[in-house]
1. Restricting to region 27-85, name every residue that is out of contact with any Ser or Thr (no Cβ under 7 Å at 6 or more places or on another chain) and among the β-branched types (Val, Ile, Thr).
2. Being free of Cβ contacts under 8 Å to residues at least 40 places away in the same chain and of a type outside the set (A, V, I, L, M) is the filter; apply it to region 64-76 and report the residue that is farthest from Leu27 (Cα to Cα).
3. Just name the residue that is farthest from the ligand (Cβ to nearest atom) out of those in region 118-133 that are more than 12 Å from the chain's Cα centre (by Cα) and closer than 20 Å to Tyr226 by Cα.
4. Do we find that Leu129 is in contact with a His (Cβ under 9 Å, 6 or more places away or on another chain) and assigned to a helix (DSSP H, G or I) in this structure?
5. So which residues in region 164-198 are farther than 23 Å from Ala265 by Cβ and surrounded by 18 or more Cβ atoms within 10 Å (Cβ to Cβ)?
6. Polar (S, T, N, Q), surrounded by 14 or more Cβ atoms within 10 Å (Cβ to Cβ), in contact with a Phe, Trp or Tyr (Cβ under 8 Å, 6 or more places away or on another chain) and within 15 Å of Ser183 (Cα to Cα) - does that describe any residue in region 216-225?
7. Specify which of the listed residues (Ser183, Ser197, Ser224, Ser260) is within 18 Å of the chain's Cα centre (by Cα), among the hydroxyl-bearing types (Ser, Thr, Tyr) and either modelled with pLDDT of 95 or more or not assigned by TED's automatic domain parsing to the domain that holds Leu112 (or both).
8. Say whether the condition of being within 19 Å of Cys138 (Cβ to Cβ) and touching a residue at least 40 places away in the same chain (Cβ under 8 Å) is met by at least one residue in region 235-255.
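The values are calculated or read from the model by the stated rules, or taken from the named source; none is laboratory data. Computed from a predicted model, the values in this text were never measured in an experiment. FYI the Cβ positions are ideal-geometry reconstructions off the backbone, even for glycines, and counts take in every protein chain you see.
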Amino acid sequence: MINLSNQRLKQLSIEYGVSHHETLLLLSNILKQEYSKLFFTKSYQLSDENYEKFILNLSRRSKCEPIAKIVGEKEFYGVKFKTTQDTLDPRPETETLIELVREYYPNTLQQLKILDLGAGTGCIGITLLKLYVNASCCFVDISPNALDVAKKNAQIHKVDTQSQFIVSNWFQNVNGDFDVIVSNPPYVETEYPLDKSTLYDPAIALFAGADGMDAYRAILPSVSKYLRPDGLLFIEIGFCQQIDKITSDLRLLCTKKDLSQINRACVLKRLQ
Ligand SMILES: C[S@@+](CC[C@H](N)C(=O)[O-])C[C@H]1O[C@@H](n2cnc3c(N)ncnc32)[C@H](O)[C@@H]1O
């Protein structure tokens with residue numbers, strides 16, 4: 001057993017160049033104790049094995065690996081989602097898409113048929129299933145490993161019975177039509193100098209060609225075929241991206257800014 005004093009913990013933070021806040025987050029994950037409780041603890045008891053794991057995790061963090069990848073989970077819209085090296089860690093700006101869906105569908109009892117295109121952890125579709133109790137969702141991703149994570153998250157959040165999972169290159173293996181299509185596709189330009197920690201996310205979840213528009217060009221022309229007549233597409237965009245010119249059979253209804261005041265989520269509808 002190792003008795004780790006608060007003072008030693010602070011020394012370790014400095015030695016590894018990891019903030020005290022993040023050091024406590026890593027410790028709370030190892031000890032399976034709430035972060036807030038650790039704050040007021042003077043010393044911590046760790047088994048030899050847990051201490052070794054804790055030091056290893058500090059060292060991973062010192063090399064810029066995101067906390068979410070180390071602990072295997074990330075919070076989105078107030079709940080935790082399992083994440084792995086095969087999934088993009090959910091981002092707070094993606095919550096803008098959820099807010100936009102809520103604005104357009106205030107009745108949470110509506111029986112929405114949802115398609116989550118490029119599901120990753122499933123954070124978007126699962127959050128919507130938790131909000132819209134009568135909805136169903138079809139989760140699509142080209143990565144079978146990512147889809148396994150989405151499946152696991154759907155089980156954890158008890159929405160698996162309303163969920164379907166399809167490995168598909170965008171719409172290729174998708175049948176039927178939907179009230180709501182949600183998507184946060186990859187939209188980073190191939191040569192964009194991302195910071196080191198972002199590169200722990202899978203490349204297929206980030207990059208979309210020289211101008212970052214490849215995924216929009218692949219998705220948008222097929223959307224109207226899969227949307228019900230009154231259906232809506234909610235799609236995330238990157239900094240200054242213009243997507244409404246890509247197709248002539250969709251009309252842009254609204255663009256919503258994220259908390260940093262950057263245009264982040266768009267709503268489009270079918271031209272009848
Ligand atoms: C930016 S991530 C979004 C993940 C998740 N929806 C979120 O918001 O956190 C994009 C996702 O699209 C998936 N993807 C990339 N290319 C795809 C394709 N051609 N067909 C289907 N999914 C694809 C990636 O595997 C990744 O999970």
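1. Listed by number, the residues that qualify are Ile30, Thr41, Ile55, Ile67, Ile70, Val71, Val79, Thr84.
2. Our first condition is that a residue be free of Cβ contacts under 8 Å to residues at least 40 places away in the same chain; within region 64-76, this holds for 68, 72-73, 75.
Then drop every residue that is not of a type outside the set (A, V, I, L, M), which leaves 72-73, 75.
Values: Gly72: 14, Glu73: 14, Glu75: 17 Å.
Looking at residues that are free of Cβ contacts under 8 Å to residues at least 40 places away in the same chain and of a type outside the set (A, V, I, L, M), I get Glu75.
3. Applying the filter and picking the extreme gives Leu129.
4. The answer is yes for Leu129.
5. Result: Phe165, single match.
6. Start the filter on region 216-225 by keeping residues that are polar (S, T, N, Q), which leaves 222, 224.
Remaining after also requiring surrounded by 14 or more Cβ atoms within 10 Å (Cβ to Cβ): 222, 224.
Filter again for in contact with a Phe, Trp or Tyr (Cβ under 8 Å, 6 or more places away or on another chain), leaving 222.
Add one more test, that the residue is within 15 Å of Ser183 (Cα to Cα), and what stays is 222.
Scanning region 216-225, I find at least one residue that is polar (S, T, N, Q), surrounded by 14 or more Cβ atoms within 10 Å (Cβ to Cβ), in contact with a Phe, Trp or Tyr (Cβ under 8 Å, 6 or more places away or on another chain) and within 15 Å of Ser183 (Cα to Cα), so the answer is yes.
7. Values: Ser197 fails: either modelled with pLDDT of 95 or more or not assigned by TED's automatic domain parsing to the domain that holds Leu112 (or both); Ser224 fails: within 18 Å of the chain's Cα centre (by Cα); Ser260 fails: either modelled with pLDDT of 95 or more or not assigned by TED's automatic domain parsing to the domain that holds Leu112 (or both).
Ser183 is the lone residue from the list that is within 18 Å of the chain's Cα centre (by Cα), among the hydroxyl-bearing types (Ser, Thr, Tyr) and either modelled with pLDDT of 95 or more or not assigned by TED's automatic domain parsing to the domain that holds Leu112 (or both).
8. The initial filter retains those residues of region 235-255 that are within 19 Å of Cys138 (Cβ to Cβ), namely 235-236.
Pick out the ones that are also touching a residue at least 40 places away in the same chain (Cβ under 8 Å) and you get 235-236.
Yes: one or more hits.
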